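Input: a single structure, listed below in structure tokens.
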Amino acid sequence: DLMKDAVEPLSEVPAFTQLLTAFQNPLLGVLVGMVFTAVIQSSSASVGILQALALTGSVSFGAAIPIIMGQNIGTCITALISSIGVSRSAKRVAVVHISFNVIGTAVCMVLFYGANALVGFTFLDDPIGVVGIALCHSAFNIFTTALLLPFSRQLEKLARRLVRSESRKENFAFLDPLLLRTPGVAISECVSMTNQMGALAHKSLLLSLEQLNGYSETREAQILENEDKLDIYEDRLGSYLVEISQHGLSMKDMRTVSRLLHAIGDFERIGDHAVNIQESAQELHDKGLRFSDSAEAEISVLLDALRDILGQAFSCFAADDPHAALSVEPLEETIDRLIEEVRMRHIQRLQTGECTIQLGFILSDLLTNFERVSDHCSNIAVCVLEEQDASLDRHAYLHNLKTDDAFARHLAGQLEKYRLPQQA
């Protein structure tokens, strides 16, 4: 009613009537609706004003429809303003919003005025009412949503194409300083990103183990690329977590931050060992070397155990499952014993001439990296346990664990599962 009373005198002004008549040009109508809505930054307000003008009886369907389409584009100004000075991912949200309405307007304009050219809509010159404007506005948005919903992936690609990442660090753009105002949300985002870092480290290590069975330059490039990403993860996540810890967290959140800080170091080091294993595999490939059949059989058992402990450590961390974390340490002890046995057998093969010094150096490097990876998996599992029990002492826990009957039973089972082949 307030808007109606304000604009009612305009119905008697000839210039105003002529202005509305000029809106019969659809493109001009879209432009006016877009600019007007952008200026007042509210499509709801601009629709309300258009409805108030319609009460004067001077607005026709032909004038209102393109203005309504333009209003939907103009309302994107709020998303555009919000994207200033924020991350590239946030900018892509604004791009999707704008693309959605621009594409919808273009399609609706083509379909509607194409149909008008063929059929000739007689209602375009009729005055439009308040309900008619509301229905047109709703119809446009429902149609555009139905039209573009199946193409969400294409909208994502368009946004990524229009807002490109200038550097790999932008992949971490969600770590926005603004989130520090709500530490709980910031920690949740860090947990998600740390899990992604762990998955990347896991994948990189598995790729390096595959290199020992069959060398591939494609895998080599992927391992090296993953290592660069892991370095960025550690740098960005570590700095962000330290910053979060200065914002008055609860004890529970502090333990979560501590778990993440410890884990990202282990993830990054596992990535380093993946590169080291890759380099050993590359040396074998470039020099045309291969281990003896007995050594390859022993390494195969070690690789199976290593894949097992990696899977257990990363899954218990991602699920934050302390019960699952308890099964990691017996497997770590199993791998340590396997490595010690393989070293002893290698010395025997050297004495019999079955293996060479050159292969011995490569095997020693591999065993060292296997052992370190196993240790980092143990650290990851202990991080999960420490989060659940703030009083847990890492060194005392590991010392006391090995005297536990349950640990002994679990260890015996793993030693049986991963038994080295009998020597000839």
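The values are calculated or read from the model by the stated rules, or taken from the named source; none is laboratory data. Small disclaimer: the values here were computed from a predicted structure and weren't measured. Positions of Cβ are generated from backbone atoms using ideal geometry, with glycine treated the same way; all protein chains shown enter the neighbour counts. Side chains are part of the model used for accessible areas, which takes the heavy atoms of the whole protein and leaves out ligands, DNA and RNA. Shrake-Rupley method; radii C 1.70, N 1.55, O 1.52, S 1.80 Å.
In whole percent, and with a 1.4 Å probe on the protein chains, what portion of the accessible area of the range 259-385 is carbon and sulfur?
Numbers: 2450 of 4830 Å².
The C+S portion of the solvent-accessible surface of the range 259-385 is 51 percent.
Take each of the peptides 48-58, 127-137, average the number of other beta-carbon atoms within 10 Å over its residues, and list them starting from the highest.
Ranked by mean Cβ neighbours within 10 Å, highest first: 48-58, 127-137.
Considering only protein heavy atoms, what per residue accessible area in square angstrom results for the range 203-334 with a 1.4 angstrom probe?
Values: 5480 Å² over 132 residues.
Result: 41 Å² per residue.
Counting Lys and Arg as +1 and Asp and Glu as -1, each charge on the Cβ, what is the dipole of the chain about the Cα centre in debye, to the nearest 20?
1200
Which FRET efficiency value, to the nearest 0.05, do you get for SER292 and ASN213 by plugging their Cβ-Cβ distance into 1/(1 + (r/R0)^6) with R0 = 25 Å?
Numbers: r = 16 Å, r/R0 = 0.63.
The calculated FRET efficiency here is 0.95.
Provide the per residue accessible area, probe 1.4 Å, for the range 85-155, rounded to a whole number of square angstrom.
57
Using only helices, what value at 222 nm comes out for the chain when you add -39,500 (n - 2.57) per DSSP H run of length 4 or more and divide by the total residues, to the nearest 500 deg cm²/dmol?
So the helix-based figure for the chain works out to -26000 deg cm²/dmol.
Among (i) 1.22; (ii) 1.00; (iii) 1.04, which is the computed Rg/Rh (Cα atoms, Kirkwood Rh)?
Only one listed value fits the structure, namely (i).
Taking amide H atoms as placed 1.01 Å from N in the peptide plane, list the residues 5 or more away in sequence, or in a different chain, whose amide H sits under 5 Å from that of SER60.
ILE128
By average Cβ neighbour count within 10 Å, what is the ranking of 273-281, 410-418, 333-341 from highest down? Intermediate values should be presented prior to the final figure.
Values: 273-281: 21.7, 410-418: 15.4, 333-341: 18.4.
Sorting 273-281, 410-418, 333-341 by mean packing, highest first, produces 273-281, 333-341, 410-418.
Output the peptides 345-351, 194-200, 263-269, 234-240 sorted from most to least packed, where packing is the average of other Cβ atoms within 10 Å over each peptide's residues.
Top to bottom by mean Cβ count within 10 Å: 263-269, 194-200, 234-240, 345-351.
Considering only LEU27, LEU306, LEU331, give the residue with the highest GNM mean-square fluctuation for the chain, with springs between Cα atoms whenever their separation is below 10 Å.
Comparing LEU27, LEU306, LEU331 in the GNM, the peak value goes to LEU27.
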